[in-house]
Amino acid sequence: MASFLAFKLVACVVVMCMVVGAPIAEAAITCGQVSSSLGPCIPYLRTGTGAVPPACCSGVKTLAGVATTTPDRQQACKCLKSTAASISGFNYNAASGLPGKCGISIPYKLSPTTNCDSVK
């Protein structure tokens, strides 16, 4: 159960990291990639307290580097929203602040109301 919740939380963090890049026709990123990269972020994203684990920031940076096309960022967004919605106690404020804490800038906020189809 903890692994499944970690997978879902990881997906949410990816949305924050996927906004920069040029459009391409098909998404190459999968929800599995998003979840596995952001798994180390789950404990932080539930509480929003303490230091962000280095492995979490590493995963966030990796996903930001992989999701360079519009379809990839939109897919990552969808994966993250779905995962966040299924994690009990998910802290959207912590998720929104995660990119900055990891030294990455993204132009949108992770939120249950984010329209992933408008992510560029």
Nearest 0.05, what FRET efficiency do ALA85 and THR47 give at R0 = 22 Å with Cβ-Cβ as r?
0.75
Considering only protein heavy atoms and a probe of 1.4 Å, how much of the accessible area of region 29-69 is carbon and sulfur, as a whole percent?
64 percent
Full extension between ALA28 and THR68 adds, at 0.36 nm per residue less the Cα distance, a length in nm of 13.4 nm
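The values are calculated or read from the model by the stated rules, or taken from the named source; none is laboratory data. Note that the structure is a prediction, hence the values are computed from the model and not measured. Cβ: placed from backbone, ideal geometry, glycine included. Neighbour counts: every protein chain shown. Accessible surface areas use protein heavy atoms only, side chains included; no ligands, DNA or RNA. Shrake-Rupley method; radii C 1.70, N 1.55, O 1.52, S 1.80 Å.
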